[in-house]
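For reference, the structure discussed in these notes is given below.
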Amino acid sequence: MTIGAALVARSQVDQVTAISQRSTAQGEAAAEAGLALYQNLITNNRAIAAYCSATNTAGDGCQGSTAWINANSWNRTTTGIGICNSDATPLGIQNAAARTNWTNIDANDLAKGQYRFIEYTLPNANRTTGRLTVEGRSANDAQRAGVTRLRAEISIRAGGSSPVPALWLRLNGGTNNSNLRNNRFNGNIRLNTTTPCTIPTWVTTSNLSNPATQSIVTEPQSGFPDTPTFPTTSTTGYYNLTVDTDTRIQSDNRIWTATTGAPSTSVTTNTTGTFPRTGDVPAADGRYHYRIDRLVRSDNSRINITDNREVVFYVRSEINLGGNVRINCAGTGATCTVPTSGSIGRLIIYGNVSNRYGTCRDGTVGTGTNPPPAPCNGATLGDRQNTNRIQISETARIRALILAPNATANITGSNSSATGFFTGAMWVNNWSAPVNNNKIMINTEGSYGDYLNNASAFDLPAISPVRSWTRLQVP
């Protein structure tokens, strides 16, 4: 009998052990499923990776009052939280943060167990790592014997590394004067609309050169980059090429010949100007900054940007480029060549907004019977204080980012053999295609970080996949 009782006792112990192991395994599987659900939540709206789950969550990278638990009241412009993704709406994120009670993995299959959210925290002030903690248990484990707590670490890189959209339209408070016709763009198209979850009818995936890898992105009106100011006092690296006594010819020659002395008073054609100019030094940001009256030319002239240098133009008025003008575009063919070593020169062109860069002068210069015209003689005050128009001929070639929030832009012509007139990005108010032309207007180049100092405000964080988790002791 003693031996029989011992065997029975051992059998009972083995049975309890087996049940416990099975419960633990089910709890671990449920915790893994819970982790996967929250990883998907973060992936579907990467903006939340930079914020903790609750306002009282411990972590040097937590941002106080901005947390998942109040996501529905976030400032969507500053946080970058989306509103159109049905899998990760602001209210959905807020509800997910509050899901701290046990929840069935699958209401139709209770055997899959339950999970509950514990926290998402950012332990480092630079917010490069997120820690996601979830618990799981078998559905009938009311005693918590098989509860498993798992923590996964998510690597986060600040936004700025994504490719820039080829075309970004501000659409001026919802007023749409855009017409893309069948123009195509080799890159994403980004739109600021009053109905940010609806793609307007005047743009379709046929406007993308590769719809399988490119997209049309819509968002609220307020999320559009601003243009920086130009210093009003002498500042290292900033050069004012707008001189009150310059005629239109002299003003243009300062740019197209890149002279550092007195510009010629005679008309020059087919010239080459190289920036930065000889003797110029960079600003604290490493770039060379130039304020100019206008950017207008229609011949075979060139503006070269030296390899491995970054140049910024601040344009007071219009941008109108025709003929065979080439700006920061080496070579002679339809595409811009790149250096065999080092990096290509980078050019950013800012358009004037509400007199931010001053007023391009009207009238004439000097005295006499026929005094020469000032740089913007004959233009309206609005056109002399804003870059309202950008027009580029299909025969011109430019490599740059143009950011002109007030401008309506187009590339003219219908040459069926031409393509890729512009390399970089065009971020303007409206696009007005003058004719049907299904060739590629813009080839995107560069990342948000290449052009914007506050790139993370317009590009979501990059997140690395979770490859492993750590099992924690359950309190």
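Data for the structure
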quantity: Net dipole in debye of the chain [+1 Lys, Arg Cβ; -1 Asp, Glu Cβ; about Cα centre; nearest 20]; calculated: 180
quantity: Residue-averaged [θ]222 nm for the chain, counting only DSSP H segments that reach four residues, each worth -39500 (n - 2.57); calculated: -5000 deg cm²/dmol
quantity: Cβ-Cβ FRET estimate between Ala125 and Leu381, R0 fixed at 56 Å, reported to 0.05; calculated: 0.70
quantity: Rounded if a/c under 1.5, otherwise prolate or oblate - region 322-418, Cα gyration tensor axes; calculated: prolate
quantity: Amide N proximity, region 249-268 versus Asn324 label position 7 Å along Cα-to-Cβ, cut-off under 20 Å; calculated: 256-257, 268
quantity: Mean separation of Cα contacts under 8 Å, 6 or more apart, over the residue count of the chain: relative contact order %; calculated: 16
quantity: Fraction of antiparallel bridges per DSSP, region 167-457 only, in percent to nearest 5; calculated: 5
quantity: Helix 2-44 vs. the chain, principal-axis angle (Cα, 0 to 90°, nearest 10); calculated: 20
quantity: Where labels lie 7 Å past Cα in the beta-carbon direction, separation of Thr245 and Ser215 in nm; calculated: 5.7
quantity: Long-range HN-HN contacts of Trp168 with modeled amide H, under 5 Å; calculated: Arg190, Met426, Trp427, Val428
quantity: Amide hydrogen neighbours beyond the local backbone of Ala139, cut-off 5 Å, H modeled; calculated: Gly113, Gln114
quantity: Cβ crowding within 10 Å averaged over residues, with 161-169, 329-337 ranked highest first; calculated: 161-169, 329-337
quantity: Table column - 3J(HN,Hα) (Hz), region 129-135, Karplus curve with 6.51, -1.76, 1.60, x for Gly and Pro; calculated: 9, x, 10, 10, 10, 9, 10
quantity: Near-label residues of region 325-349 by backbone N, under 20 Å of a point 7 Å along Cα→Cβ of Thr272; calculated: 325-347
quantity: Where only C-alpha atoms are counted, convex hull volume of the chain per residue in Å³; calculated: 193
quantity: Karplus-derived HN-Hα couplings along region 65-70 (A = 6.51, B = -1.76, C = 1.60, θ = phi - 60°), whole Hz, x at Gly and Pro; calculated: 6, 9, 8, 3, 4, 10
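FYI, it's all coordinate maths here, none of it is from the lab. Computed from a predicted model, the values in this text were never measured in an experiment. So basically every Cβ, Gly included, is an ideal-geometry build from the backbone, and we count neighbours across all protein chains shown.
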